[in-house]
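Here's the structure we're looking at; comments come further down.
Quick note: the coordinates plus some simple rules give every number you see, no bench work behind them. What you see is a predicted model; the values in this text were computed from it and never measured. All Cβ positions, even for glycine, are placed from backbone atoms using ideal geometry, and neighbour counts span all protein chains on display.
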């Protein structure tokens, strides 16, 4: 088969790779129905995160089970399944606590921009949908593999409550789905920080009640003004830079919560500043697996449509253009069809 | 009157100062029954935190109301009262949310190592006990002004739950009272980190189930071992150094909580490390006022005896020796009697 390999900064190739096969009895092989490019793929794509060698790419996936290892019990060939970017055993203390992305036996699933994918620890990782989905549901189901689950975790970690005020820092796909998540959790006000018209429109469609276009100190001042000097109950930090984290810490009210899901790059937090902000801070790689049953149900009933974040759909062999469009912010998120 | 003034590193003087008087209608004047030296007083005492000029000291206090301003309604002369080191108005959004130490009108109460004290915002700040306490209750009531309330907040912020495992980093008075607090909240295991015999004994008396004497990486390894590689549900960080914070982050389980109440001095947190630890972090200046009614009740009924942290009692005019004994770790905490 052909799959996606990153060779270096802005050098994505679609080239011949070995077709994956069962290596362990707990593996499953999926025939990918749809995959996509993640905002976090742009870190190595832009050369900000170095790669040591040509690296297969892709960690968001859904598809049909093609084959299972002899120990796999909960999914079977022919089922449509979704899994997280971290495979998890489902049985360790961290999985039981709902932190499957810190599973003691976790394995990164990183070769999904391809027609076939090996998923380790299939029983703990994959969740089957109630049936084979109609085509129009596939994009939304695909988002549950990472980006929607990550936006949801941001809202959970930020302790979004009915009637509360939530600020969303970051207007990438995760931030936009953080807006959708905060709306689902009943936030009374959802302030999205964005300066891009198309993203603002989607934020409003997903439930944002206000848009703030300022950034940095001016953005903080605007949030303070909008909250009568109190600060927000919840801040969803969906970027991962020093600026976005500082903006979050300065926007939250004492005792309020910051859910941060943007992988931090070069972020250093001043302990004393955090202390006197009285902020609650929680985040990390989203335990997407925890949320899959609930989110599949919401998509299946058509109560949420997170697939709207895909504003570009390409055949998989044009994956390089998919990266380019996101890098240049021409696309919010690219869906790839094998 | 004479009061305590810090002139520079290790230069504490007990000298003539103006007797405080009502400056605003919301003030109260207390006749101090007992005051004490705080671990945080040692930062400027040791010269680690610079002072610009000779500085009156003391922020832990209880005593009899001597006089009230014309607007004060909830306390009256003759009552025995306790207040926090931050005066708070009791009516702003932060006070309503239980974060009185971030009150929009907060004022630091910093001249308590003296026979008389002016307390601003008396209605929002002071809580009267059910009556004049017997002498033997005064030390425990005094701790509610800061050290016990701070240990309690550490346990609250660390989300201590019945049956859970709590680790307490720091064997100063706050850490020891963190142990007592975790015990009150029903923690199943309480692991105190201490290498001092007298402090270990008090920790065990307050409810610690295990003592870890190792520090740093070895301390972390020991906690990991004691928790079967999982990490602790709750960590109470009661020091405020880089080492103690790192130890806390590395000791907590994914999804577990760190309550940090040691004022951070030079602490920088690596965003990526925190992210992958999956830790919850909450702390800050303890909103002691929130806990006063509940803690007064527990002391009054003699269900807790936090006053045991005072292992040195001196007349107020020997305050300099009180600082010295704590600086040299000859005393856990010094109570001062005017």
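Identify the residues of segment A:319-338 with backbone N under 19 Å of a label point that sits 7 angstrom from the Cα of residue A:198 along the Cα-to-Cβ direction, or state none.
Under cut-off, by backbone N: A:319-337.
Using Cα pairs closer than 8 Å and at least 6 residues apart in sequence, work out the relative contact order for segment A:150-283, in percent.
Averaging sequence separation for qualifying contacts and normalising by length gives 27 percent for segment A:150-283.
Would you kindly work out, in nm and rounded to one decimal, the distances from the label point of residue A:136 to those of the same position in each other copy, ordered shortest first, with label points 7 Å along Cα-to-Cβ?
7.8
By count of other Cβ within 10 Å, fewest leading, how are B:101, A:234, B:91 ordered?
B:91, B:101, A:234
Angle between the Cα long axis of helix A:173-184 and the longest principal axis of chain A, 0 to 90 degrees, nearest 10?
It works out to around 70 degrees.
Connecting C-alpha atoms closer than 10 Å in a GNM of chain A, tell me which of A:250, A:104, A:184 has the biggest fluctuation.
Of the options given, A:104 has the highest mean-square fluctuation.
For a footprinting-style exposure proxy, rank B:33, A:70 by other Cβ within 10 Å, fewest first.
Placing the least packed residue first, the sequence is A:70, B:33.
Once the principal axes of the Cα atoms of segment A:146-213 are found, what is the range along each, listed largest first in whole angstroms?
Computed over the Cα atoms, the extents are 27, 26, 16 Å.
Measure nothing but the geometry: give the 0 to 90° angle between the long axis through the Cα atoms of A:216-226 and the longest principal axis through the Cα atoms of chain A, rounded to 10°.
It works out to around 70 degrees.
Using only C-alpha atoms and all pairs of different ones, pull out the Kirkwood radius for segment B:151-283 in Å with one decimal.
13.8 Å
Give the share of C-alpha pairs in each 10 angstrom bin for segment A:53-166, from 0 to the last occupied bin, in whole percents, shortest bins first.
Bins of 10 Å from zero give 13, 40, 34, 11, 2 percent of pairs.
Count the DSSP beta bridges whose two residues both fall in the protein assembly as shown, then state the antiparallel fraction as a percent rounded to the nearest 5.
Close to 55 percent.
Using a 7 Å offset from Cα along the direction of the beta-carbon, what are the separations from residue A:315 to the same position in each other copy, nm, ascending?
9.6
Could you work out Rg/(2.2 N^0.38 Å) for chain B, with Rg from alpha carbons only?
With N residues counted in chain B, Rg over 2.2 N^0.38 Å equals 0.97.
Taking only Cα atoms, what is the 0 to 90° angle, nearest 10, from helix B:147-157's long axis to the longest principal axis of chain B?
40 degrees
Nearest 500 deg cm²/dmol is fine: what mean residue ellipticity at 222 nm does the protein assembly as shown get from its DSSP H runs of n ≥ 4 alone, each adding -39,500 (n - 2.57), divided by its residue count?
-8000 deg cm²/dmol
Let me have the relative contact order for chain A, percent, based on Cα pairs under 8 Å that are six or more residues apart.
Numbers: 860 pairs, mean separation 62.8, N = 338.
Here the relative contact order equals 19 percent.
When DSSP beta bridges are limited to those with both residues in chain A, what percentage is antiparallel, rounded to the nearest 5?
The antiparallel fraction comes to roughly 55 percent.
Put the label 7 Å from Cα along Cα→Cβ for residue A:110; what are its distances to the other copies, in nanometres, shortest first?
Counterpart label points of residue A:110 in the remaining copies fall at 5.0 nm.
Quick one: compute the contact order of segment A:143-217, relative version, from alpha carbon pairs under 8 angstrom and 6+ residues apart, as a percent.
Relative contact order, segment A:143-217: 29 percent.
At residue B:205 and residue B:104, where each label point lies 7 Å from the Cα along Cα→Cβ, what is the point-to-point distance in nanometres?
Here the answer is 4.5 nm between the modelled labels.
Quick one: order B:26, B:313 by neighbouring beta-carbon count within 10 Å, fewest to most.
Starting with the residue having the fewest Cβ neighbours, the order is B:313, B:26.
If I model the protein assembly as shown as equal point scatterers sitting on the Cα atoms and use the Debye formula, what is log10 I(q)/I(0) at q = 0.08, 0.10, 0.11 Å⁻¹?
-0.66, -0.93, -1.06
Using a Debye calculation, one point per C-alpha and no hydration shell, please list log10 I(q)/I(0) for segment A:1-81 at q = 0.16, 0.19, 0.20, 0.21 Å⁻¹ in order.
Treating every Cα as an identical point scatterer, log10 I(q)/I(0) equals -0.72, -0.90, -0.94, -0.99.
For a Förster distance of 45 Å, can you work out the FRET efficiency between the beta-carbons of residue A:24 and residue A:215, rounded to the nearest 0.05?
For R0 = 45 Å, the calculated efficiency reads 0.45.
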